[in-house]
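Written out below as structure tokens is the structure these notes cover.
The values are calculated or read from the model by the stated rules, or taken from the named source; none is laboratory data. Since the structure is predicted, the reported quantities are computational estimates derived from the model, not experimental observations. Here the Cβ positions follow ideal geometry from the backbone for every residue, glycine too, while neighbour counts run over all protein chains shown.
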Amino acid sequence: MSAKSAVLQTFDESGLQKFHWRTVFTTGMGFFTDAYDLFIIGTVTAILTPIWHLSTAELALLNSTSLAAAAIGAFVFGRLMDRLGRKAMYGIEVILLTGGAILSAFAPSFGWLVFFRVLVGLGVGGDYPTSSVIMSEFANRKNRGFLVTTVFSMQGLGLLAGPLVASALLFAGVSHDIAWRLMLGLGAIPSAAVIYLRRTMKETPRYLVAVKGDTESAASVVSNLTGQHVDSAPEQAARPVMARQSFWNKRNMIRLIGTAGSWFLIDVAFYGNGVSSQLIYKALLPGAALATTTLVAAGVFLIAAVPGYFLAARMMDRIGRKVIQGVGFAVMALAYLTIFVAPDVVKLPLLFLVIYAVSYFFIEFGPNTTTFLVPTEVFPTSIRGTGHGISAAAGKIGAFIGAFLLPIVLKQVGLGDTMGLLAGVSALGVLLTWLAIPEMKQRSLEDNEITVMQKPAVKSFQKDTHETASVS
């Protein structure tokens with residue numbers, strides 16, 4: 001076994017340890033903030049509409065601006081973390097999140113608020129590839145799905161925190177002029193809490209080995225984290241060396257279609273529903289006050305969405321990514337189709353909420369979690385950030401479309417036909433999952449690497465490990 005193989009195999013086969021949970025917290029708090037910041041805007045816009053006299057177009061723009069910026073952030077951060085390293089980029093995204101949230105709270109006008117939400121969006125987008133790839137590369141083989149999905153499950157707590165904070169402020173009688181500013185400003189707290197932890201995190205051993213060719217540093221990191229001694233001395237026999245791969249080959253393109261396409265489809269449904277939840281609940285309960293519909297939204301998240309996240313984390317390494325994603329899309333399609341075929345269900349709020357809650361559960365115990373995990377597993381290390389960044393960017397483009405168009409569609413055609421449209425989107429997700437997503441349950445990330453046999457030339461060893469071949 002080569003030194004490189006020994007280092008990464010030791011890391012892969014280690015059990016769950018303290019550093020895994022520290023990494024979960026460090027990466028997960030970003031997703032708590034992401035969810036809070038992106039979804040609190042639905043309540044904020046409901047408050048600001050009468051105060052700033054927002055038009056339908058302005059409402060849609062404010063709801064979706066962060067999502068468009070997130071697409072840019074995901075692509076840029078994903079690409080840069082492959083070129084500069086995971087450590088070099090990590091923490092910059094939460095600095096953007098923190099600054100954007102604080103500035104949003106003091107926005108003097110609609111235009112300034114839109115601009116500050118762009119900063120929030122860039123941070124949110126950057127957090128997707130950086131946090132997911134770092135957690136995946138620090139994870140062991142057996143528990144990788146659980147660890148990465150647990151990080152993303154923090155989004156569920158952020159989803160819950162948003163409506164709860166909004167409900168508390170509204171029921172407490174806080175002036176609307178102050179309440180919306182507090183809602184946005186509070187999003188700075190959890191992201192600020194992990195800036196130091198992210199900026200001081202070590203480079204991942206997989207990046208050190210596969211991209212930097214620095215087996216000695218990787219062995220030092222693995223030994224320090226696992227407590228096991230790893231020999232980094234190169235062998236003198238011919239040994240496999242990981243080759244830097246071209247992104248644009250057939251295998252990677254098929255996988256990218258699967259990861260980016262699935263993420264695009266789920267975010268059209270998920271963010272369209274989530275950001276527009278106040279409009280949906282208002283259509284369902286036209287006489288209810290804003291505080292009441294906000295509390296109903298929190299109840300749906302608590303009962304349906306949050307358990308879905310954490311059950312997905314628990315079962316990901318047992319059932320597998322492909323099954324969970326496919327079943328999730330299928331149940332979503334069925335739930336939305338039921339509302340479309342039987343539109344009178346809208347007249348029965350309790351029954352509608354049950355169906356709506358089922359769809360939310362299977363969004364989380366399904367494609368909303370798997371689309372975050374799968375891109376960290378199916379691409380080689382040297383292009384993993386790029387693959388995840390493009391996939392996340394596609395998701396945020398879908399989210400932008402859902403958040404921007406759904407309020408308009410909902411107003412034009414009504415709740416039933418809107419759900420019919422989402423049923424079609426979900427059905428496409430089922431098809432794409434089975435055609436283009438490989439199953440990575442219990443497999444090593446190194447299964448994606450292409451290796452070449454390097455001859456035992458001691459003088460050129462260091463040079464060869466830094467100058468990897470391009471494989472297309």
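Which residue pairs have Cβ atoms closer than 9 Å, lie 6 or more positions apart in sequence or on different chains, and pair a first residue in the stretch 336-351 that is over 15 Å from V425 (Cα atoms) with a second residue that is of a type in the set (S, T, N, Q)?
Final answer for the pair search is V345/T338.
Yes/no matrix, rows are residues, columns are (1) buried (at least 18 other Cβ atoms within 10 Å of the Cβ); (2) under 30 Å from L256 (Cα atoms); (3) among the hydroxyl-bearing types (S, T, Y); (4) in contact with a helix residue (DSSP H, G or I) (Cβ under 6 Å, 6 or more places away or on another chain):
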| position | (1), (2), (3), (4) |
| --- | --- |
| I51 | no, no, no, no |
| E58 | no, no, no, no |
| S66 | yes, yes, yes, yes |
| F75 | yes, yes, no, yes |
| M81 | yes, yes, no, yes |
| M89 | yes, yes, no, yes |
| L97 | yes, yes, no, yes |
| S104 | yes, no, yes, yes |
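Sort out which residues of the stretch 305-352 are surrounded by 24 or more Cβ atoms within 10 Å (Cβ to Cβ) and assigned to a loop (DSSP other than H, G, I, E, B), and write them in order of number.
Those that are surrounded by 24 or more Cβ atoms within 10 Å (Cβ to Cβ) and assigned to a loop (DSSP other than H, G, I, E, B): none in the stretch 305-352.
Considering only residues of the stretch 217-246 that are surrounded by fewer than 16 Cβ atoms within 10 Å (Cβ to Cβ) and among the charged types (D, E, K, R), which is modelled with the lowest pLDDT?
E235
For the stretch 422-446, which residues satisfy the criterion of being part of a helix (DSSP H, G or I) and crowded, with 19+ Cβ neighbours inside 10 Å?
Taking the stretch 422-446 as the starting set, the residues that turn out to be part of a helix (DSSP H, G or I) are 422-436, 445-446.
Those that are part of a helix (DSSP H, G or I) and crowded, with 19+ Cβ neighbours inside 10 Å: L422, A423, V425, S426, G429, V430, L432, T433, L445, E446.
So, of the residues in the stretch 326-350 that are at pLDDT 85 or above and farther than 24 Å from R314 by Cβ, which turns out to be nearest to the chain's Cα centre (by Cα)? Write out each step before concluding.
Kept after step one, since they are at pLDDT 85 or above, are these residues of the stretch 326-350: 326-338, 340-342.
Adding the requirement that they be farther than 24 Å from R314 by Cβ leaves 333, 336-338, 340-342.
Details: A333: 22, Y336: 23, L337: 26, T338: 28, F340: 29, V341: 32, A342: 33 Å.
Among those residues, the one meeting the criterion is A333.
From the set of residues in the stretch 185-219 that are in contact with an Asp or Glu (Cβ under 8 Å, 6 or more places away or on another chain) and of a type in the set (A, V, I, L, M, F, W, C), which is nearest to M154 (Cα to Cα)?
The selected residue is L208.
Any residue that is touching a Pro at 6+ places or on another chain (Cβ under 9 Å), in contact (Cβ under 8 Å) with a residue 12 or more places away in the chain, under 13 Å from F270 (Cα atoms) and assigned to a helix (DSSP H, G or I) - is there at least one of those in the stretch 383-397?
No, that holds for no residue.
What pairs come up if the first residue lies in the stretch 168-190 and is without any contact (Cβ under 8 Å) to a residue 60 or more places away in the chain, the second is of a type in the set (G, A, S), and their beta carbons are under 6 Å apart, counting only those six or more places apart or on different chains?
Filtered contacts from the stretch 168-190: L169/A179.
Just to be sure I understand the filter: pairs with C-beta atoms under 8 Å, separated by 6 or more residues or on different chains, first member in the stretch 112-137 and of a type in the set (K, R), second member part of a helix (DSSP H, G or I). Which pairs pass?
Correct list of pairs: R117/I41; R117/L62; R117/T65; R117/S66; R117/A69; R117/G100; R117/S104.
Name the residues in the stretch 46-93 that are among the hydroxyl-bearing types (S, T, Y), part of a helix (DSSP H, G or I) and free of Cβ contacts under 8 Å to residues at least 40 places away in the same chain, would you?
Restricting attention to the stretch 46-93, the residues satisfying the condition of being among the hydroxyl-bearing types (S, T, Y) are 49, 55-56, 64-66, 90.
Filter once more, keeping what is part of a helix (DSSP H, G or I): 49, 56, 64-66.
T49, the sole residue that qualifies.
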